[in-house]
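The values are calculated or read from the model by the stated rules, or taken from the named source; none is laboratory data. Please read these numbers as outputs of a predicted model, since none were measured by experiment. Note that we place each Cβ from the backbone using ideal geometry, even for glycine, and neighbour counts take in every protein chain shown.
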């Protein structure tokens, strides 16, 4: 590989790192209070035997499953499992609803089957415009399920359906997704700290 091409690639690497750090620093400045509030609401819901449902598309679907694993199994502490469900994981449910009704219903029908008043629903959408996420959040809020939303920097219809929103200050999908998983890890750690103490915080 030519030296100037390698230098160009190195500049791309450092640019991505620096932009990712900038986004997270800005998010820390704007969303720290809201992250604490979300963790407190989740901890209270878990304390009262309510369930958390998480959903999103693509990379956000993977984030939903990742975070549910942290709640159900463990994050940093050995402690009792916490009730959380990823609405992105059952391929038979997703494909049957998608085939019979449409992709826009894959999350809302699961909430209709499983969610009860007092439960929590976390929708993740980098654009804030995913129709299936919006439809599920709208139904949840109308049925006394507390709605949380994570998106990018734009205010969208998602804000109208969420009790609490976190906007990542970026329009780039990879930077938004990176920030979402950081927020998710922080929320997991805060919830463990609130409910069980002795975390690494």
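General observations
- Within region 123-135, the residues that satisfy the criterion of being surrounded by fewer than 23 Cβ atoms within 10 Å (Cβ to Cβ) and either at positive phi or part of a loop (DSSP other than H, G, I, E, B) (or both) are 127, 129.
- Any hit, region 102-122, residues being touching a strand residue (DSSP E or B) at 6+ places or on another chain (Cβ under 9 Å), closer than 20 Å to residue 155 by Cβ, surrounded by 16 or more Cβ atoms within 10 Å (Cβ to Cβ) and touching a residue at least 24 places away in the same chain (Cβ under 8 Å): yes
- Single residue of 81, 169 found to be free of Cβ contacts under 8 Å to residues at least 40 places away in the same chain and either in contact with a helix residue (DSSP H, G or I) (Cβ under 8 Å, 6 or more places away or on another chain) or assigned to a strand (DSSP E or B) (or both): 81
- Hits in region 33-65 - residues which are more than 16 Å from residue 136 (Cβ to Cβ) and in contact with a helix residue (DSSP H, G or I) (Cβ under 7 Å, 6 or more places away or on another chain): 35, 36, 38, 39, 40, 42, 43, 46, 47, 59
- Scanning region 53-63 for residues that are part of a loop (DSSP other than H, G, I, E, B) and either under 26 Å from residue 159 (Cβ atoms) or at pLDDT 95 or above (or both) turns up at least one hit.
- Filtering region 28-50 to residues that are over 15 Å from the mean Cα position of the chain (by Cα) and in contact (Cβ under 8 Å) with a residue 12 or more places away in the chain leaves 30, 40, 43, 45, 46, 47, 48, 49, 50.
- Where residue 138 falls short, out of the listed (1) at pLDDT 95 or above; (2) in contact with a helix residue (DSSP H, G or I) (Cβ under 7 Å, 6 or more places away or on another chain); (3) on the phi < 0 side of the Ramachandran plot: (2)
- Where residue 56 falls short, out of the listed (1) surrounded by 15 or more Cβ atoms within 10 Å (Cβ to Cβ); (2) over 18 Å from residue 150 (Cα atoms): (2)
- Every condition in (1) farther than 19 Å from residue 58 by Cβ; (2) surrounded by 15 or more Cβ atoms within 10 Å (Cβ to Cβ); (3) at pLDDT 95 or above; (4) in contact with a helix residue (DSSP H, G or I) (Cβ under 8 Å, 6 or more places away or on another chain) holds for residue 189 except the one numbered (4).
- Sub-9 Å Cβ pairs linking a first residue in region 1-27 that is at negative phi to a second residue that is exposed (fewer than 10 other Cβ atoms within 10 Å of the Cβ) and outside any helix (DSSP H, G or I), at least 6 apart or interchain, are 9/1, ordered by first then second residue.
- Of all residues in region 148-160 being over 17 Å from residue 57 (Cα atoms) and touching a strand residue (DSSP E or B) at 6+ places or on another chain (Cβ under 6 Å), the one that is surrounded by the most Cβ atoms within 10 Å (Cβ to Cβ): 153
- Only listed residue being surrounded by 14 or more Cβ atoms within 10 Å (Cβ to Cβ) and either closer than 22 Å to residue 173 by Cβ or under 15 Å from the mean Cα position of the chain (by Cα) (or both), chosen from 82, 87, 77: 87
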